[in-house]
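For reference, the structure discussed in these notes is given below.
Read-outs: derived from the displayed coordinates by stated rules, not from any lab. Computed from a prediction, not measured in an experiment: that's the story for all the values here. In this analysis, Cβ positions are derived from the backbone assuming ideal geometry, glycine residues included, and neighbour counts consider all displayed protein chains.
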Amino acid sequence: MSGPTKTTCPGYTKAYLLHLSRTNYTRHYRQKRARLTSPPVIQNIEIQKSFWFVLLLEQYEANMKVVRELQCTLIEDVLPSLADELALDSEQIAWANQYLEDSQTIFQLLRRENFTRSFAMESIRKNLLWRFKKLWPPEPELPLTRVYFLPADVRDPFGRPIIIIQAIGFKNSSDTYIPLLIRAMEQFRLRLKTLNDTSDQGFPVLQYIVLFDVKDLSVQNLSVDLISWVLRDLVPRFPGMLAAVFIVNSSWAHSGMWNIAKRVLPASAVSRVFFSSPKELVAFFTPASLPKDYGGSIPPLYSLASRPATPGSASSSPELTKLHSDIGASTSLSPAHISPTSLLNPFFGYPASMARGSPLLQHGRRRKRDLLHTLAVLFCRKIVVPQMATFVPFRHHLRVLVH
């Protein structure tokens, strides 16, 4: 029996065509609605990274006074109390005092607690207890044979130092490597502190960029539990120190293992890990920031391994110097007003000020008119800005502003 045709069954054909037209219209309407209602997505990853880099420096400059005051409280009040509790000797107190004098570390801990002083003090106290348990007594630097600190004058586009780690499989139980990983992270922190103490570039270096080479890492020797422990337990002990981890020379097996591991990891850790092809790596870092082993123009790793580290020789580009001067001027010369939509405002939606060294409501109370004004501004941003962002000139100006 032949199927329905226009001559044998015109009614069926008409209904079928009507069904097709309705389906196409519904699909077109849903796509149009999704474009209008979905949040704007900046597809250029460089814009996102530069935005967070600028925001981090702004937060550091704006909260430097709070960090100094917190350090004084920790050294004068918290540390003596902890010394009595643990019966610390003078050498242990001096060791803890050196940690509390690390302004960049204290800032990152304060930032993790949303700049809430009481929460930060409790978090730092717990961190001190953990450090005495895991890192005391201090030991000489580990011979990190497959970890390469690129020269201090080699940075990523945002002025951050670069570490290259060539991973290998685990020959013993993963528990054997836990103390070594803790020591290695402390070594990273101390190098970053030395870099800031000896640098003359005018703005702080708060983070590393890590290139994690998994070429010689077999999936059979990969411990998912160890990866989870590093990202869930170890990295939070050194908050904010690793800006991003670029996985290079990976295979489909590594990607599959990561897809399994990331399901049990916090989103904050997952968002910092990127699988990059050689072309993407060179496009982001530029050849001047990569060894020849990874498509760059600087000497290969085997020659860099014997080159002495010179933290004080880091040179800053004119763009980074200008960026820092602009941020410093905006935070030191601008009035104490904090925008209602600023991420630095703990009273989000209401205008605040920093006149007394800590955020305060500008009018002494939460006014409904201020909240309505903020909601109107956010509504305009959601409706108008995403549509403007589809135009090429707007994307160009956005890229210039964030850089």
Task: Residues I298, I178, I164, sorted so that the one with the fewest Cβ neighbours within 10 Å comes first - done: I178, I298, I164
TODO: Taking the Cα centre of the range 147-306 as origin, sum charge times position over the Cβ atoms of Lys and Arg (+1) and Asp and Glu (-1), and report the length of that vector in debye to the nearest 20.
DONE: 220
Open item on the list: Just want the answer: with Cβ charges of +1 for Lys and Arg and -1 for Asp and Glu, which residue in V78, W130, N97 is farthest toward the dipole's positive end in the range 45-134?
Closed with: W130
TODO: Please list, in chain and number order, the residues 5+ apart from L242 or on another chain whose amide H is under 5 Å from its amide H, with Hs placed from the backbone.
DONE: Y208
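Excluding E113 itself, calculate the net charge of residues whose Cβ lies under 13 Å from the Cβ of E113, where each Lys or Arg counts +1 and each Asp or Glu counts -1.
Net of charged neighbours comes to +4.
Please give the charge dipole size of the range 45-134, origin at the Cα centre, charges +1 on K and R Cβ atoms and -1 on D and E Cβ atoms. Round to the nearest 20 debye.
Roughly 380 debye, rounded to the nearest 20.
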TODO: Let me know the Kirkwood hydrodynamic radius for the range 147-306, please, with Cα pairs as the basis and the value in Å to one decimal.
DONE: 16.6
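For the pair R263 and L190, what calculated FRET efficiency results from E = 1/(1 + (r/R0)^6), where r is the Cβ-Cβ distance and R0 = 41 Å, to the nearest 0.05?
The computed FRET efficiency comes out at 0.75.
What does the net charge come to around P80 if you take all other residues with beta carbon closer than 14 Å to its beta carbon, with K and R at +1 and D and E at -1? Intermediate values should be presented prior to the final figure.
Details: positive: R125; negative: E76, D77, D84, E85, D89.
With Lys, Arg at +1 and Asp, Glu at -1, the net is -4.
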